[in-house]
Amino acid sequence: MIANDNLHWWQRGVVYQIYPRSFKDTTGNGVGDLQGVIEKLDYLHDLGIDALWLSPFYPSPMADFGYDVADYCDVDPLFGDLATFDRLVAEAHKRRLKIIIDWVPNHTSDQHPWFIESRSSRDNPKRDWYFWRDPAPGGGPPNNWGSFFGGPAWTYDERTGQYYLHQFCKEQPELNWRNPAVKAAMFDTLRFWMKRGVDGFRMDVIGLIIKDKDLRDNPPNPAAPPNLPANDLFSRLLQVYNMDQDDVHSVIREIRGVLDEYDDRCGIGELWGPLDRWVKYYGDASAGSAGEELHLPFNFRLMDGMTWNAQQMRAVVDSLEAALPDFAWPNYVLGNHDRTRLATRFGGEAQARVAAMLLLTLRGTPTIYYGEEIGMEDVPIPPDKIQDPQGINLGPERTRDVCRTPMQWDAGPNAGFSPAGVETWLPIAADYVTRNVAALSADPHSILTLYKRLLRLRRATPALYGGSYRPLDVEPDNVYVYLRKADAQRYLIALNFATEPRTLAIPGETGGRILLSTHLDREEAVSLDALSLRANEGVIIAL
């Protein structure tokens, strides 16, 4: 267990993800920008978060909204310029807020100068910076890999008579990280931003950057759903040779070495996979690399396939705690730009309040997705308004646009996101008149008030930001209870996931004081022989 006195900012703090297109539009073009983030820094500071994670803002043709990078060392004019970014860093640091940016190492845009050179001829010096292969012996793609966004992961280039690899849009060719020149160039992009004051990086699909040397076919997935879209080749296969290769870890150790050239920077990786494989991305003690890879491999286990069930949630947390080596720091996230919003996924605001208390009281670093603090839900997107390539290619039910809609600031035109009369890049939620920052800030019982109080209590309480975690077995079912402890501080968190009241007997405890309820109407001494929780209520109790 890591002592609280030795915790880094990325262990003590709370991360807040901003999707810049959807946060605040200051130019009147219907798209958010970096100046909009600057204008809302006081809000974020008052909310009580510690670090901002900015989704991509690089120059890009926007085939995948910035994850197709045309220049790793600049800002797209849509979002501002480098001077705007520098002001953002300076203003954030004045408020003691850290800046984390997205880094997209697996693929570039097909408009990146590197790829333009690479595709110009078979003998171009940058040809081997990407994956080029001849057609299969009988014609067609070199192997059977599918794209996340539908169709094959290969596109034929007429000019040079070869296919190039892309596991996302065809406009996102993949870099060959086995080429030392690619590694060196990408390491320099990290240094570019750290010199500008960036505190950390969220590394997009980091587990994909090394592929099987022979690019072998993936085997069929026997558990593939029978009703997949015809072009969903990806889901029909087991992802054996295109990601999570054993030799990716040596490359990630090199990436970590670049981060360690600068003081106290943080590397966060987007990763999936079985727990025993995922945990190795912290570094492998058995291989002599304990703690030498990612500071925080992103942990999506409370999102992926989860229903609103206390026992299921506890099982996920307990298995993670059991799997983590002593040097590894846990982290949790309940929403992001790729997933259904948590209020929609778990049932509504009542469940979202309990989820907030869970996220902000577990051991480890939490990440909040913008708008969760006001209970934003998915926004239905008419088929003719879908922007997301995943939704366009695989069907409207697969679009991620529903969780990327504009932030709801007030009850004015366009929810205060864009000026009146502007068509926003995605539709605004129908409930914005009542569900917005201004309205909820004035309500002492709102979900926004709950987030502020949770964040304030967490920051002030060593047991909550750095203490130990111990689950308790209680009756009845669908209740999740655990202890957080640091030195003499002891706090009990009791979360009722049920839609009916529950009365609990807490083993080994007699009484305590409720400091905070998700209903924001209880601060009282209670007996723990018969602790009463209302439907969808969570409480934090000082023992």
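FYI, it's all coordinate maths here, none of it is from the lab. Since the structure is predicted, the reported quantities are computational estimates derived from the model, not experimental observations. Virtual Cβ from ideal backbone geometry, glycine too; neighbours counted across all protein chains shown.
Taking every pair of alpha-carbon atoms in segment 425-543, give the share separated by more than 17 Å as a whole percent.
Every Cα pair in segment 425-543 considered, those over 17 Å come to 60 percent.
Ratio of alpha-carbon Rg to the 2.2 N^0.38 Å globular estimate for segment 309-425, to two decimals, please.
1.27
Note the per residue figure in Å³ for the convex hull of the C-alpha positions in segment 63-172.
Hull volume over Cα atoms, normalised by residue count, gives 121 Å³.
Using the alpha-carbon centroid of each, what span in Å lies between segment 435-458 and segment 228-248?
After rounding, the separation between the Cα centres reads 42 Å.
How big is the Rg/Rh ratio for segment 198-290, C-alpha atoms only, Rh by Kirkwood, two decimals?
1.05
Out of the trypsin sites (Lys or Arg not before Pro) in segment 321-408, which ones are loop residues according to DSSP with at most 11 other C-beta atoms within 10 Å?
none
Provide, in order from the shortest bin, the percent of all Cα-Cα pairs of the chain in each 10 Å bin, continuing until the bin that contains the maximum pair distance.
3, 17, 28, 27, 17, 6, 1, 0
Could you list the square roots of 5 times each eigenvalue of the Cα gyration tensor of segment 124-211, that is, the equivalent ellipsoid semi-axes, sorted largest first and rounded to whole Å?
29, 15, 10
Could you sort the peptides 266-277, 178-189, 407-418, 52-63 by per-residue average Cβ neighbour count (10 Å cutoff), highest mean leading?
Top to bottom by mean Cβ count within 10 Å: 52-63, 407-418, 266-277, 178-189.
Scale the Cα Rg of segment 233-358 by the rule-of-thumb value 2.2 N^0.38 Å and send over the ratio, two decimals.
Scaled against compact globular proteins, the figure is 1.18.
Restricting things to Cα coordinates, could you compute the convex hull volume per residue of segment 23-86 in Å³?
Enclosed volume per residue, from the Cα hull, is 94 Å³.
When the Kirkwood radius is taken over all Cα pairs of segment 389-450, what Stokes-Einstein diffusion coefficient follows at 10 °C and 1.306 mPa s, in µm²/s?
122
Plugging the Kirkwood radius over Cα pairs into Stokes-Einstein for segment 147-259, at a temperature of 10 °C and a viscosity of 1.306 mPa s, what D comes out in µm²/s?
The estimated diffusion coefficient comes to 99 µm²/s.
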